[in-house]
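The values are calculated or read from the model by the stated rules, or taken from the named source; none is laboratory data. Remember, it's a predicted structure, so these values are computed and weren't measured experimentally. Reconstructed Cβ throughout: ideal geometry from the backbone, glycine too, with neighbour counts over all protein chains shown.
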Amino acid sequence: MPPSLELRTKQSLALTPRLQQSVRLLQLSSLEFQQELRNALDTNPFLEYDESQTEDNALGADNGSSMSDNSSSTSTDTATEAPLAAESNMDGDANADSGSRDDSMSDYSSDPFGRSGSRNNGDGEGSDPADWVRIEPSLHETLHDSLRMYQLNTRDRAVAQLIIEALDDDGYLRQELSELADVVDIEPAISEDELTIALKLVQSLDKPGVGARNLSECLTLQLDAMPPDTPGRDVAREIVGHHLERLARREQAELQKKIGCSAEELRIACALVRRLDPKPGENYGQSEDNYVVPDVIVRQVKKQWVVTINPAVLPRARIHRMYAELFAQSAGASRSPLAQQLQEARWLIRNAQQRFTTIQRVAECIVSHQKAFFDYGEIALKPLVLRDVADELGLHESTISRATGNKYMSTPRGIFEFKHFFPRELSTESGGTCSAAAVRALLKEMISKENSRDPLSDVSLAKMLADQGVIVARRTVAKYRHLMKVPPAELRRQA
């Protein structure tokens, strides 16, 4: 076919850089957002920390529908939903009033809890020496410190350090000794006998049980460290050495028969075993990377549940006014590479404001739907889906999904992830509905009131739920029980 030209018209939806940033900031957790803003403050010369605002001002600004932006929150969120239609307005806003107060935001702290607002990495001026004092040594640090007290040659010390580094955080050595010999390049090669001797040394450095290769060895080491005249010690060593599974299943009669002891001796030995620590490594200091900083705080004020943004996560940044004015007065400013950085600084501040506005609106909607939960607890949690919140706020369901992902709410009943308030819907015998969370709360209440000598089976629990009008299958009860980390009936039975 001969070449030809053809003109076609088509429509497509595209996200501009600003809207891409807005979507990305919305789905970040509070800690990830603070890291993102901290990086921007360190790299963008037009951003600076705002030291003028206090935490009280941040909390007061937070009580409104937005932080410092007086524009309609609905129109802001609608712009996120329809990027093509609103792009011209957003670009116009971004180029206007560089010195506006909208460029300033609430207090920002490099620490999630507002301990320091200075621009440093914790090792310069403004760092708190007491923060270092409060840090507890980890398991590996403690063992290395104890090892320094021993007079060992270089080879033996290196082998012992190899064993220490191979320990898991709970104190167990789960790697085979034969595999450890290939980790380091030492001449002559480390023998398995050397590793066994080093392991015995590591097991004696601190708390008994550290350095064990399995649960049986861990408990045996703890029993061996007790005085020989400890009541039930010998029977307990026999139990942890050969009959741990029977002990877990509470097979008292079978244990007594296998060991050949009296019922009283078995009772004392079992009580001794239950006092042992199955994970001795967890008693040492752990890295503080598992805490949760809530995004919003829910309080009851005059019998009304009020949602506010957590002041600890509010950013503390603004446009550097002097730099922006000097840049605007310079010749050829619009063509300078710094123009893009100034634009990005304005975008970041407005998108951060929009992020907190959206999160607060979603949180208020959740609290409105789940008011019974805050009044009566888990058993009153209602079924809720993202579509319900999206329709009420006039947003897209994907926006609600981003606004609820990795976000947490501090309430008088504890800290909960936003997703916790969206339980699955279950049908009842009367034709109504209840939430899966309410069913789990009912199961927890039933199990807490059961007879410990005759615990309720999954079938019995399903029948009791049916008597209350909630029809669920036995396997559903087993799944919920597993989610609550409740063992089956045979393991809950007590002699």
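Would you confirm, using the coordinates I've provided, whether residue 318 is charged (D, E, K, R) and part of a helix (DSSP H, G or I)?
Details: charged (D, E, K, R): yes; part of a helix (DSSP H, G or I): no.
No, not satisfied.
Could you run through segment 455-469 and say how many residues are in contact with a strand residue (DSSP E or B) (Cβ under 6 Å, 6 or more places away or on another chain) and either buried (at least 19 other Cβ atoms within 10 Å of the Cβ) or under 17 Å from residue 484 (Cα atoms) (or both)? Give the steps one after another, and end with the answer.
Residues of segment 455-469 that are in contact with a strand residue (DSSP E or B) (Cβ under 6 Å, 6 or more places away or on another chain), as a first pass: 469.
After this cut, where a residue has to be either buried (at least 19 other Cβ atoms within 10 Å of the Cβ) or under 17 Å from residue 484 (Cα atoms) (or both) as well, the list is none.
Matching residues across segment 455-469 total 0.
Restricting attention to segment 132-148, which residues are assigned to a loop (DSSP other than H, G, I, E, B) and at pLDDT below 90?
Applying the first criterion (assigned to a loop (DSSP other than H, G, I, E, B)) to segment 132-148 yields 134-138, 148.
Of everything in segment 132-148, those that are assigned to a loop (DSSP other than H, G, I, E, B) and at pLDDT below 90 turn out to be 134, 135, 136, 137, 138.
Based on this model, can you work out whether residue 269 counts as part of a helix (DSSP H, G or I) and surrounded by 20 or more Cβ atoms within 10 Å (Cβ to Cβ)?
yes
Among the residues of segment 239-249, is there at least one that is touching a Leu at 6+ places or on another chain (Cβ under 7 Å) and in a loop (DSSP other than H, G, I, E, B)?
Within segment 239-249, one or more residues are touching a Leu at 6+ places or on another chain (Cβ under 7 Å) and in a loop (DSSP other than H, G, I, E, B).
Where in segment 439-494 are the helices (runs of 4 or more DSSP H), entirely inside, with at least 2 residues that are within 31 Å of the chain's Cα centre (by Cα)?
474-483, 489-492
Testing residue 348 on (1) touching a Phe, Trp or Tyr at 6+ places or on another chain (Cβ under 9 Å); (2) surrounded by 17 or more Cβ atoms within 10 Å (Cβ to Cβ), one condition comes back false. Which one is that?
(1)
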